[in-house]
């Protein structure tokens, strides 16, 4: 049972692990150039768009029967983004927490769930 679920949710888990790594590692050689305005916020939007979209699709693949599927697809990444900001602010020096990063996470999550909902509704 566990391995079946792990295979169904593999994309969500991989994206979540990548977000954790890039959120909690102090200095990454894979950082994008800083000359793009608000680049950090765009990174958050894209990361959480991918996480929420993958999670929502994975829940459909798992045949989650709930009228709250959309809420779950959004709530989990929003809480996860908040947790990452708390961890950055409390135990990952020199990283710092930012309300604006969390807002970008929420925006990305909203876009991700909305895109998946639109595509799903259009196809079915």
Worksheet item: So how far apart, in nm, are the two label points at residue 90 and residue 75 if each is 7 Å from Cα heading toward Cβ?
Response: 2.1
Worksheet, complete the sentence: In degrees, nearest 10, the alpha-carbon axis of helix 39-61 is tilted away from the dominant principal axis of the alpha carbons of the chain by 20
Item to complete: Can you tell me the 0 to 90 degree angle between the C-alpha axis of helix 99-123 and the longest principal axis of the chain, rounded to 10?
Response: 20
Item to complete: Using only the alpha-carbon atoms of the stretch 70-124, report the extent along each of the three principal axes, biggest first, to the nearest angstrom.
Response: 47, 17, 12
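Roughly what percent of Cα-Cα pairs across the chain reach past 24 Å?
On the way: 2285 of 7626 pairs.
Roughly 30 percent, rounded to a whole number.
What does the helix-only formula give at 222 nm for the chain: each DSSP H stretch with n ≥ 4 adding -39500 (n - 2.57), the total divided by the residues, and the result rounded to the nearest 500 deg cm²/dmol? Mind dumping the intermediate values first?
On the way: 5 runs with 93 residues, N = 124.
Value at 222 nm, helices only: -25500 deg cm²/dmol.
Could you tell me the convex hull volume per residue, in Å³, taken over the Cα atoms of the stretch 35-76?
Details: hull volume 2.3 nm³, N = 42.
Hull volume over Cα atoms, normalised by residue count, gives 54 Å³.
No value in this document is a laboratory result; all are computed from the given coordinates. What you see is a predicted model; the values in this text were computed from it and never measured. Neighbour counts run over all protein chains shown; Cβ positions are idealised from the backbone, glycine included.
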